[in-house]
Amino acid sequence: MLRFFGRSLAAHVRGGRSLFALTVFGVALGVAAVLAIQIINRSSLAAFEGSMQAVSGEADLTILGRTPSLADSLLPVVLGRPGVAAALPLVRLPAAVASKAHASRANALFLDIIGVDFFTPVRLPWQGAPGDLAAALGQRGWAAFTPTLAQQQGWTVGDSVRVWVGSREVCLVVGALIDFQSLSPLASSKLVVVDIAQAQVLLGRPGFVNQIDVVLAEGADRERVAADLITQLGAGVRVVTPQQRSTQTAGLLAAFRLNLTALSLISLFVGLFLVYAATQASLVRRRAEFGTLRSLGASRGQVLALILGEVSVLGLLGVALGLPLGYWSARANVDVVSIALTNLYLLDEIAAVRVPLSLYAQAAAIGIGGAVLGALIPALDMSRRDPRALLSAFTMHERIDALAPRLAQLGIGILGLSGLWFVAGGQRWQHAGFVLAVALLAGLPLLTPWTIRRLTGPLRVNGFGLGYSLKSLGARLQSSAFAVAALAVAVSMLVGISIMVDSFRDTLEVWIQTTVQADIYVSPAAWRGPGEEGYLDRDLARQLAAWPGVLAVDRLRSFAAYTEQDERLMLVGVDVGLPVASQRFSLLLGDPATAFQRVHEEGFVLVGETLARRKNLWVGDEVRLYTPAGIRAFPIAGVYYDYDARGGGVLMDLRTLSAHWQDDALNGIALYLQPGLDADVVVDQLRAALPVEALDLLSNRRLRTEAINIFDQTFAVTRLLQGISLLIAVCGVALMLLVMAREQVSELALYRALGSTRRQIFGLFVGKGLGMGGLGLVLGGAGGVILALILIFVINRAYFGWTIQLHWPWWSFGEQALTILATSVAASLYPAWKASRTPATELGREDS
Amino acid sequence: MNAPTAAKIDDALQFEGVSKVYDTDVPGAPRHALRDATFRVPAGRRVAIVGRSGSGKSTLLHLAAGIDIPTGGHVRIGGRDLGAMSESERTRVRRHEVGLVFQFFHLLPHLSVRDNVLLPAWIAGNGTGANDRAADLLARVGLADRAGDPVQHLSGGEMQRVAICRALLQKPRLLLADEPTGNLDDAIGTAVMDLLMTMAEDENTTLVYVTHSRDFARLADEVWEIHSGSIDLDPTVV
């Protein structure tokens, strides 16, 4: 049987190279999509873990503040606790390299400066000779860089590197090279180590640190030490294990990763259609072969094993092609995702892509398993038939034609039941939206055969043109339905995500226009990078406020704060007393006049929509936050629209924030100019007079554009997945047309015998391709609209809590429709050429 | 009528030293499907060709229809050499001057009875103008009331009647039928043959048909026999 398997497979491949290649390519694209997204997902978390491992690798526990920073006076307390062997204070501050090469936003180079105490038993992987501690402590600006970064930038020991820390220019000196990546391969190459005292001075906050890493004594119980530290240090600190920090970051990224994974699985799903359809077509063609085998004594199991064995080989080839393709796609898109992670979550950028073998194995299993799954139904169907039935001619087209109404009923049933389940209570489950999306993507293909028949059946044909092509699609449901269904799923994804993204973009534009009211926005350049620190110099703030033509100054302070339940949120302080304050924040709930007055005068707060939905906090409730003085309750005066990916924010008056957190730092300033002044002209004047390299100086118009650019970058990776799905679906169109060209030899020969030219046959097939594209567009368009509603009103609400106004991107629809039709026509060219070569002498062949 | 030396314009079909050789998997052992066939069929004649399976009957019809081209000799329709024509010219000849009837009918299941008949007109680009002609033909074969039916609902004999209508739709100069009764029982086959002869006569079309049946062959003006690719034009074989 094995020998037969080999020969049969070889003959099968030889007999239909194009079909085989297209199917393998479809599987390969599906595998590539899944692998690429898994690599990117894993790398996004690994980037954080890698840097954490490099910086706090030896720590058993990390003490973090629930307020912006920790007093270093806690250090002796920590060291004095039983079970603590060492306590390593750490200051982290973001910096932007100040050089002409990195002056533009596109080329900005951000560093993650780590201040460590060289007197503690910290082990750093010095490269070359051990670091000269005397120099590290005594030389102003001494800093250790990673060899990778030094090599990339052409820096050597002794070179000076100018950086902006907040709005201050600092000159660092390359004192040594530290290879963090030898400790943790995925650590950022942009980690820079300085003495902690220098870091505190740079930060402008002497006496404060960002975290204290704790190394436990041998035999000490981690849980017990952690509990003891919490008791001793008070409620203002959090004591977490490295695993807990990873888990928290994974939780932060969960929605982002889940969405990408879901999209990649849709690509695989579309790929499975190809396998199903190709297997079905192949089996129908080879039914006599199986009939002969069964007549000669082969068991049903042997026939099934033969078919599935062949499909496994096909899947294996798809995997062999898909794995490198997936890795390459991940490499090609990692920068885009890295930007999205930094923009959305302020996380470290992805420094390197490392793929464990297990991930390749997982992708390979998905590819081969998917191919076998895709072929299982037709294989089982074929193996169950008795030899007589296999040897007699039967047409699959008649079968699917008869099944079409029942499949449609099943599809409607799935859609209806999932809708009922959602309304009846399923909506309370966070993942309910995905259930609806899966039901839609399962129901849509089931509706396809019936829809094709209903749409093409009433067509009145009066010639051998497009109408005839469409009519013949309805007559060949077995082939056309699969291609159209695959295309419909891909188009659904394309249209659904386009509507969602365009609606989101439109909503964001309106929101930005409403909230971005100041004429000029100023923030430290380093604030754009990962991390949350980045302060504006007070003197600079005063200088800006006194600038000629400046009517009012709006100051902003933002940092992570913690709720009583230890949940992280962003706390924002602004000058609510400014006359324009009520325009800067559009309220979803609450009377603006009353709400802003209360926030300004009575210590009330506004909460972002995302937080309000997530924590069920509304007007009249209060939000309880950790302050340096303990937990304080802040009554809620209103809920504002926000589009934060990190869980939402709380907004209060800057005076309230300063009073409770004893924090007077600033992260940004907005300038309101006197009427008639051109913001761009004033920006140019400021650039000429101020240390502009340290600052992001943006006019109102530029800021709006920048915000939309960031938005577009964030969704760039979804475009890739949409493209892959569409490509697989278009392969499906080509594959099914090739199947038709093979199956319909007799019919094509008849056309030729009746006087049809090759060009007419070519046109007939191009018409079929166009018809498949059009039908896929109709079904996928309808599915896409429903998917968009699910994405906007269910999935987005459940995971992010944003309000997105539905917007119909007609122009984009038009472009996509033309693209889909054009690619469908392109996909039909080769099959059309093949079909047009069918000679009339093939007339004697039996049609399947 | 045998062995013409020159093509005549009023000959519907003429073969002059026509051979057809196919390559086989065995090198140096080609298969001679037709050997040096020479004959002419004047317009309006009805010719039957009898022969066993594999004798070259279908090859002869394919060559006559311009579906295939000979490896030697000349095939002429209305005095024009098909071998000297381009592919598209031969297609046009087939479209306007040749009608074909097949053993297995070759009706398209996704088209109605009427649409199957209209197919050659659609291909020729004159679908609208052919509606009346199709209706007339269907009425003449007794299928006027079945025009809108799917062809799967027809019996074998009815299907072949539809195929005959399709073959005659474009008023061809030459009607070629390959075993038109091969897939029908005797009674229905007889009815179909009668209809074919009548229709060919009514339409003033030259008819060349291939059959296994000596009885059906006798209905023709002339009967030729083909064996191993060689054609015997002696009418005494019947």
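Scanning region B:172-206 for residues that are acidic (Asp, Glu) and in contact with a helix residue (DSSP H, G or I) (Cβ under 6 Å, 6 or more places away or on another chain) returns B:Asp178, B:Glu203.
Of (1) out of contact with any Ser or Thr (no Cβ under 7 Å at 6 or more places or on another chain); (2) away from every other protein chain (no Cβ under 13 Å); (3) not basic (Lys, Arg), B:Ser112 satisfies all except one. Which? Of (1) out of contact with any Ser or Thr (no Cβ under 7 Å at 6 or more places or on another chain); (2) away from every other protein chain (no Cβ under 13 Å); (3) not basic (Lys, Arg), only one is false for B:Ser112: (2).
Just one residue in the set A:Ala408, A:Ala439, A:Ala404 is in contact (Cβ under 8 Å) with a residue 60 or more places away in the chain, small (Gly, Ala, Ser) and in a helix (DSSP H, G or I); that residue is A:Ala404.
In this structure, is B:Ala177 touching a Phe, Trp or Tyr at 6+ places or on another chain (Cβ under 7 Å), in a strand (DSSP E or B) and either among the hydroxyl-bearing types (Ser, Thr, Tyr) or in contact (Cβ under 8 Å) with a residue 24 or more places away in the chain (or both)? Answer is yes for this residue.
Annotation for region A:571-584: at least one member residue is at pLDDT 85 or above, crowded, with 17+ Cβ neighbours inside 10 Å and closer than 28 Å to A:Leu109 by Cβ.
If I go through region B:1-16 residue by residue, how many of them are at pLDDT 50 or above and surrounded by fewer than 13 Cβ atoms within 10 Å (Cβ to Cβ)?
Pass one, region B:1-16, residues at pLDDT 50 or above: B:8-16.
With surrounded by fewer than 13 Cβ atoms within 10 Å (Cβ to Cβ) added as a condition, the list becomes B:9-10.
Of the residues in region B:1-16, 2 are at pLDDT 50 or above and surrounded by fewer than 13 Cβ atoms within 10 Å (Cβ to Cβ).
All conditions but one from (1) closer than 25 Å to B:His96 by Cα; (2) in contact with an Asp or Glu (Cβ under 8 Å, 6 or more places away or on another chain); (3) modelled with pLDDT of 85 or more apply to B:Ser19; the one that does not is (1). Of all residues in region A:464-482 being at pLDDT below 85 and either outside any helix (DSSP H, G or I) or more than 14 Å from every other protein chain (Cβ to nearest Cβ) (or both), which is farthest from B:Val151 (Cα to Cα)? Going through the qualifying residues, I end up with A:Phe482. Residue check: B:Ala167 meets all listed conditions (1) of a type in the set (A, V, I, L, M); (2) at pLDDT below 90; (3) under 30 Å from B:Leu63 (Cβ atoms) but one, namely (2). Exactly one residue out of A:Gly771, A:Gly763 is crowded, with 23+ Cβ neighbours inside 10 Å and within 14 Å of another protein chain (Cβ to nearest Cβ): that is A:Gly771. Has region A:345-358 got at least one residue that is modelled with pLDDT under 85 and in a helix (DSSP H, G or I)? Yes, some residue in region A:345-358 is modelled with pLDDT under 85 and in a helix (DSSP H, G or I).
Restricting attention to region A:719-737, does a residue exist that is within 13 Å of another protein chain (Cβ to nearest Cβ) and assigned to a helix (DSSP H, G or I)? Steps first, answer last, please.
Within region A:719-737, the first condition is being within 13 Å of another protein chain (Cβ to nearest Cβ), and the residues that meet it are none.
Checking region A:719-737: not a single residue is within 13 Å of another protein chain (Cβ to nearest Cβ) and assigned to a helix (DSSP H, G or I).
You will find that of A:Gly219, A:Gly175, the residue that is out of contact with any Pro (no Cβ under 8 Å at 6 or more places or on another chain), assigned by TED's automatic domain parsing to the domain that holds A:Val91 and at positive phi is A:Gly219 and no other.
With respect to A:Ala798, determine if the residue is buried (at least 19 other Cβ atoms within 10 Å of the Cβ), under 30 Å from B:Tyr22 (Cα atoms) and either in contact (Cβ under 8 Å) with a residue 24 or more places away in the chain or within 14 Å of chain B (Cβ to nearest Cβ) (or both). Considered against the rule, which asks whether it is buried (at least 19 other Cβ atoms within 10 Å of the Cβ), under 30 Å from B:Tyr22 (Cα atoms) and either in contact (Cβ under 8 Å) with a residue 24 or more places away in the chain or within 14 Å of chain B (Cβ to nearest Cβ) (or both), A:Ala798 comes out as no.
The residues in region A:657-669 that are in contact with a helix residue (DSSP H, G or I) (Cβ under 7 Å, 6 or more places away or on another chain) and either over 23 Å from A:Ala71 (Cβ atoms) or part of a helix (DSSP H, G or I) (or both) can be counted, and the count is 1. Please enumerate the residues belonging to region B:147-156 that are buried (at least 19 other Cβ atoms within 10 Å of the Cβ) and part of a helix (DSSP H, G or I). The one that is buried (at least 19 other Cβ atoms within 10 Å of the Cβ) and part of a helix (DSSP H, G or I): B:Val151. If the condition is being at pLDDT below 90 and either part of a helix (DSSP H, G or I) or within 12 Å of chain A (Cβ to nearest Cβ) (or both), then region B:132-143 contributes only B:Arg140.
Any residue at all in region A:637-656 that is assigned to a helix (DSSP H, G or I) and over 19 Å from A:Ser523 (Cα atoms)? Checked region A:637-656: at least one residue is assigned to a helix (DSSP H, G or I) and over 19 Å from A:Ser523 (Cα atoms). What are the residues in region B:174-212 that are of a type in the set (D, E, K, R) and under 15 Å from the mean Cα position of the chain (by Cα), if any? Scanning region B:174-212 gives B:Asp178, B:Glu179, B:Glu201, B:Glu203.
Are any residues in region B:66-102 facing chain A (nearest Cβ under 9 Å) and assigned to a loop (DSSP other than H, G, I, E, B), and if so, which ones? Passing the criteria: B:Gly66, B:Ile67, B:Asp68, B:Phe102.
Out of curiosity, is A:Leu787 in contact (Cβ under 8 Å) with a residue 60 or more places away in the chain, within 14 Å of chain B (Cβ to nearest Cβ), crowded, with 18+ Cβ neighbours inside 10 Å and not small (Gly, Ala, Ser)?
Details: in contact (Cβ under 8 Å) with a residue 60 or more places away in the chain: yes; within 14 Å of chain B (Cβ to nearest Cβ): no; crowded, with 18+ Cβ neighbours inside 10 Å: yes; not small (Gly, Ala, Ser): yes.
So A:Leu787 fails the test.
B:Ser53 falls short on exactly one of the conditions (1) surrounded by fewer than 22 Cβ atoms within 10 Å (Cβ to Cβ); (2) in contact with a strand residue (DSSP E or B) (Cβ under 8 Å, 6 or more places away or on another chain), and that condition is (2). Restricting to region B:115-125, and then to whatever is in contact with a Lys or Arg (Cβ under 7 Å, 6 or more places away or on another chain) and more than 7 Å from every other protein chain (Cβ to nearest Cβ), can you tell me which residue is surrounded by the fewest Cβ atoms within 10 Å (Cβ to Cβ)? Only one residue fits best here, namely B:Asn116.
Looking at B:Thr190, B:Thr128, which is the one that is surrounded by fewer than 21 Cβ atoms within 10 Å (Cβ to Cβ) and within 14 Å of chain A (Cβ to nearest Cβ)? Give the steps one after another, and end with the answer.
Working: B:Thr190 fails: within 14 Å of chain A (Cβ to nearest Cβ).
Answer to the selection: B:Thr128.
Based on what the data block shows, is A:Leu314 among the hydrophobic types (A, V, I, L, M, F, W, C), at pLDDT 80 or above and touching a helix residue (DSSP H, G or I) at 6+ places or on another chain (Cβ under 8 Å)? So that I can check it myself, show each step before the final result.
On the way: among the hydrophobic types (A, V, I, L, M, F, W, C): yes; at pLDDT 80 or above: yes; touching a helix residue (DSSP H, G or I) at 6+ places or on another chain (Cβ under 8 Å): yes.
Yes, satisfied.
Scoring A:Ala688 on the criteria (1) in a helix (DSSP H, G or I); (2) of a type outside the set (Phe, Trp, Tyr); (3) in contact with a helix residue (DSSP H, G or I) (Cβ under 8 Å, 6 or more places away or on another chain) leaves a single failure, condition (3).
Can you name the residue in region A:154-168 that is under 37 Å from the mean Cα position of the chain (by Cα) and over 21 Å from A:Ile196 (Cβ atoms) and, of all such residues, is surrounded by the fewest Cβ atoms within 10 Å (Cβ to Cβ)?
Start the filter on region A:154-168 by keeping residues that are under 37 Å from the mean Cα position of the chain (by Cα), which leaves A:154-155, A:161-168.
Keeping just the survivors that are over 21 Å from A:Ile196 (Cβ atoms) gives A:154-155, A:162, A:167.
Working: A:Gly154: 7, A:Trp155: 17, A:Arg162: 15, A:Ser167: 25.
Filtering region A:154-168 for residues that are under 37 Å from the mean Cα position of the chain (by Cα) and over 21 Å from A:Ile196 (Cβ atoms), the one surrounded by the fewest Cβ atoms within 10 Å (Cβ to Cβ) comes out as A:Gly154.
A:Gln685 meets the conditions (1) modelled with pLDDT of 80 or more; (2) surrounded by 15 or more Cβ atoms within 10 Å (Cβ to Cβ) in every case but one. The failed one is (2).
The values are calculated or read from the model by the stated rules, or taken from the named source; none is laboratory data. The structure presented is a predicted model; accordingly, all values stated were derived computationally and were not measured. Don't worry about glycine lacking a Cβ; one is built from the backbone with ideal geometry, like all the others, and counts go over all protein chains shown.
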